[in-house]
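Written out below as structure tokens is the structure these notes cover.
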Amino acid sequence: MTITFFGTSAGKPTKQRNLSAIALRYEQKNEWYLIDCGEATQHQIMKSDYRLGKLTKIFITHLHGDHCYGLPGLLSSRIMENISTPLEIYGPKGIKEYLENIKKLTKIKLLDYTEIIEICDKSDSTSCHEDNGTKFNFDTFDVEVISLDHGITTFAYCFFEHISNGSIDVKGLESIGIMSGKIYGDLKKGKTVLLNDGTKIEPKEFLLEPIRGRRVIIAGDNCKPDILGDRLNNLDLLVHEATFTQEVFENLEEKVKHTTAKQLAIAAQNGGVKNLIATHISPRYIKNPAKLQNDINLLDKEIEKYFKGNYFIANDFDAFLLDRKSFELKKL
Ligand SMILES: [Zn+2]
Ligand SMILES: [Zn+2]
């Protein structure tokens with residue numbers, strides 16, 4: 001599975017960082033998914049090897065502009081390119097009204113071949129009156145939706161891949177002289193095979209162990225990473241905001257509902273997260289700033305101090321591979 005960052009800035013873009021947008025692609029699927037769609041996400045997509053025609057699902061974490069102002073432009077380009085692949089957009093209540101109003105005012109088709117699925121915020125009874133569920137089941141993975149703490153309805157999307165059946169131990173079978181063919185198919189179906197010389201081959205001897213699914217959480221803006229609770233236990237990958245360092249946050253005149261690098265690192269460490277990617281970086285953090293407190297390396301150092309697992313601070317166009325068998329995360 002590959003996770004590619006199209007935007008890693010918080011609130012407004014900088015010369016180095018565009019606004020929130022993350023692509024997720026499973027190697028076994030010929031399609032990809034987008035989590036958030038900040039302004040100019042389609043420009044970033046054009047600079048990558050991802051194509052709009054293969055995009056089948058968009059998950060919007062919340063309706064702040066830095067996470068969804070890129071949607072109308074992206075949808076409009078789909079129409080202009082005559083893309084008729086069905087697209088599903090998941091997001092909080094209000095996303096339908098937002099897109100339908102743009103469609104009405106701009107008089108373009110915008111939502112052809114597109115279905116919008118609004119999700120209830122179960123922690124806020126006023127946000128949605130229908131119980132349309134917080135779990136979606138797809139063919140290779142399920143998505144669980146968790147409500148976060150950010151002042152407006154905001155979600156984390158938990159991508160839980162299904163377990164994959166054990167494959168045939170080809171090397172083992174070849175070593176006893178059995179090449180591919182019907183026997184492989186029978187063993188895979190769990191049938192005992194009787195060879196011409198009378199030898200019995202039991203399927204359990206030549207089926208490799210099933211592989212458990214990868215567990216990844218991509219969270220929207222949030223001031224309490226602990227809210228993810230037990231889902232952090234042995235989590236293969238957490239992608240979460242770290243907008244400020246602790247020192248900068250403490251000196252903000254107006255407090256905002258965001259997480260510091262220190263808070264994220266502690267929550268990930270206590271929860272037992274294996275791999276962590278911090279994103280949604282305040283525009284103040286750059287390399288070699290005039291003010292020392294705005295040095296991007298300070299975020300890195302803060303996470304390193306409190307989190308002992310494997311971690312990265314995402315930059316635009318960084319791509320990461322979460323291995324299907326080893327569950328290790330590496331930067332591509
Ligand atoms: Zn944001
Ligand atoms: Zn926000």
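Ranking request for peptides 189-200, 227-238, 103-114, 74-85: highest mean number of other beta-carbon atoms within 10 Å first, then the rest in descending order. Kindly include the intermediate steps, with their values, before the conclusion.
Details: 189-200: 9.8, 227-238: 18.0, 103-114: 13.7, 74-85: 15.5.
Taking the mean over residues of other Cβ atoms within 10 Å, the ranking is 227-238, 74-85, 103-114, 189-200.
Roughly how many whole Å is it from the C-alpha centroid of the stretch 158-189 to that of the stretch 198-224?
With the stretch 158-189 and the stretch 198-224 each reduced to a Cα centre, they are spaced 14 Å.
May I ask you to order 296-309, 319-332 by the average number of other C-beta atoms within 10 Å around their residues, highest value first?
Working: 296-309: 17.2, 319-332: 14.1.
Most protected by this proxy first, the peptides run 296-309, 319-332.
Show that you can apply the helix-only estimate: for the chain, add -39,500 (n - 2.57) for every DSSP H stretch of four or more residues, divide by all residues, and state [θ] at 222 nm to the nearest 500.
Details: 9 runs with 72 residues, N = 332.
Calculated at 222 nm, the ellipticity per residue is -6000 deg cm²/dmol.
Quick one: of Lys12/Lys107; Lys57/Lys171; Lys57/Lys182; Lys47/Lys287; Lys104/Lys257, which pairs are farther than 31 Å apart, Cα to Cα?
Exceeds cut-off: Lys57/Lys171; Lys57/Lys182; Lys104/Lys257.
For Ile211, what accessible area in Å² do you get when you roll a 1.4 Å probe over the heavy atoms of the protein chains, rounding to the nearest 10?
Result for Ile211: roughly 40 Å² accessible.
Let me know the shape class of the stretch 1-141, please: from the alpha-carbon gyration tensor, a ≥ b ≥ c as square roots of the eigenvalues, rounded when a/c is under 1.5, otherwise prolate if a/b is greater than b/c, or oblate.
Here the stretch 1-141 falls in the rounded category.
Taking the Cβ of Lys189 as the center, what net charge do the other residues with Cβ under 14 Å away carry, scoring Lys and Arg +1 and Asp and Glu -1?
+2
Over the chain, with a Gaussian network built from C-alpha contacts below 10 Å, which listed residue (Ala290, Ala267, Ala219) shows the highest mean-square fluctuation?
For the chain, modelled as a Gaussian network with Cα springs under 10 Å, the answer is Ala290.
Place a label point 7 angstrom from the Cα of Ala290 along the Cα-to-Cβ direction, then list the residues of the stretch 3-39 whose backbone nitrogen is under 17 Å away.
15
Report the per residue volume, in Å³, of the convex hull enclosing the C-alpha atoms of the stretch 245-313.
On the way: hull volume 6.0 nm³, N = 69.
In the stretch 245-313, the Cα hull volume divided by residue count equals 87 Å³.
So between Glu254 and Leu208, what do we pick up on full extension, going 0.36 nm a residue minus the alpha carbon distance?
Working: separation 46, 0.36 × 46 = 16.56 nm, distance 5.62 nm.
Taking 0.36 nm per residue and subtracting the Cα distance, the gain is 10.9 nm.
Pull out a ≥ b ≥ c, the square roots of the eigenvalues of the alpha-carbon gyration tensor of the stretch 74-126, then state rounded if a/c is under 1.5, prolate if not and a/b is larger than b/c, and oblate in the remaining case.
Because a/c hits 1.5 or more and a/b fails to exceed b/c, the stretch 74-126 counts as oblate.
Measuring from centroid to centroid over Cα atoms, what is the spacing of the stretch 36-102 and the stretch 248-290 in Å?
When both Cα centres are located, 27 Å separates them.
So if each residue of separation counts as 0.36 nm, and I subtract the Cα-Cα distance between Glu100 and Lys12, what length gain in nm does that give?
29.2 nm
Taking 1 over the mean of 1/r across every pair of different Cα atoms in the chain, what Kirkwood radius in Å do you get?
21.6 Å
The values are calculated or read from the model by the stated rules, or taken from the named source; none is laboratory data. Note that the structure is predicted; figures quoted are calculated from it, not measured. Cβ atoms come from the backbone with ideal geometry, glycine included; neighbour counts cover every protein chain shown. We work out accessible area using only protein heavy atoms, side chains counted, and drop any ligands, DNA or RNA first. Shrake-Rupley method; radii C 1.70, N 1.55, O 1.52, S 1.80 Å.
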